[in-house]
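Notes follow the structure.
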Amino acid sequence: MAVRGVGVDAVDVDRFTRILQRRPRLLDRLFQPLEREQCAERPDRLAARFAAKEAAWKALGVGLGATGWSDVSVELDDAGAPHLRVTGRAAQLAAERGVTTWHVSLSHTDTTAVAVVIAEDQHRAG
């Protein structure tokens, strides 16, 4: 596989929390129901998923607004590992760029949430 793009994003958890408190309807715009459920509405976990969405756009080489927020989501598997789910316009952009595989890593502290996303294709590098 060959790397098609890498994206990294960091979110200030306190700032993100304040925004959500001022605009609670954002939760529905930014996150799928499963994301909210798996995060138990915890701001640090939601901030990490928000960072993953922005990192995915960076890995695709597109900017904010190129897809809907719900086109990129982070879901946990049975072991608790995060996986990126790409649908809609984001999936279309990924296909246009040859992206077939996604890797996502999330981390957060009380103050900062970080996500790294790697987009790969099926072709062998080299």
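Could you list all residues from the stretch 13-53 that are aromatic (Phe, Trp, Tyr) and within 16 Å of Leu76 (Cβ to Cβ)?
Answer for the stretch 13-53, where residues must be aromatic (Phe, Trp, Tyr) and within 16 Å of Leu76 (Cβ to Cβ): Phe31, Phe50.
Taking the stretch 37-52 as the search range and keeping residues that are without any contact (Cβ under 8 Å) to a residue 60 or more places away in the chain and of a type in the set (D, E, K, R), which one is nearest to Gly98 (Cα to Cα)?
Per the criteria, the residue is Glu37.
Going through the stretch 92-112 one residue at a time, which ones are surrounded by 15 or more Cβ atoms within 10 Å (Cβ to Cβ), among the hydrophobic types (A, V, I, L, M, F, W, C) and over 13 Å from the mean Cα position of the chain (by Cα)?
Within the stretch 92-112, Leu93, Ala94, Val99 qualify.
Identify, by number, the condition in (1) within 13 Å of the chain's Cα centre (by Cα); (2) free of Cβ contacts under 8 Å to residues at least 40 places away in the same chain that Ala59 doesn't meet.
Going through (1) within 13 Å of the chain's Cα centre (by Cα); (2) free of Cβ contacts under 8 Å to residues at least 40 places away in the same chain one by one, Ala59 breaks only (2).
Going residue by residue through the stretch 19-36, is there one that turns out to be touching a residue at least 12 places away in the same chain (Cβ under 8 Å) and of a type in the set (Val, Ile, Thr)?
No: the stretch 19-36 contains no residue that is touching a residue at least 12 places away in the same chain (Cβ under 8 Å) and of a type in the set (Val, Ile, Thr).
Per-residue answers, yes or no, for (1) touching a Phe, Trp or Tyr at 6+ places or on another chain (Cβ under 8 Å); (2) more than 16 Å from Val3 (Cβ to Cβ); (3) among the acidic types (Asp, Glu):
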| position | (1), (2), (3) |
| --- | --- |
| Glu35 | no, yes, yes |
| Arg42 | no, yes, no |
| Leu64 | yes, yes, no |
| Val74 | no, yes, no |
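Which numbered condition in (1) assigned to a helix (DSSP H, G or I); (2) within 21 Å of Thr111 (Cβ to Cβ) is the only one that Glu41 fails?
Just one mismatch for Glu41, condition (1).
When the residues of the stretch 1-59 are filtered to those that are among the basic types (Lys, Arg) and exposed (fewer than 15 other Cβ atoms within 10 Å of the Cβ), which remaining residue is nearest to Ala90 (Cα to Cα)?
That would be Arg29.
Out of the stretch 12-38, which residues are in contact with a Leu (Cβ under 9 Å, 6 or more places away or on another chain) and not in a helix (DSSP H, G or I)?
Phe31
If I ask for residues that are within 24 Å of Ala47 (Cβ to Cβ) and at pLDDT below 95, which ones from the stretch 110-123 would you list?
Selection gives Asp110 alone.
Restricting attention to the stretch 66-79, does a residue exist that is touching a His at 6+ places or on another chain (Cβ under 8 Å) and of a type in the set (Asp, Glu)?
Checked against the condition, which is being touching a His at 6+ places or on another chain (Cβ under 8 Å) and of a type in the set (Asp, Glu), the stretch 66-79 yields at least one hit.
The values are calculated or read from the model by the stated rules, or taken from the named source; none is laboratory data. This structure is a prediction, so every number in the text was calculated from the model and none was measured. Please note: Cβ atoms are built from the backbone with ideal geometry, for glycine as well, and neighbour counts cover all protein chains shown.
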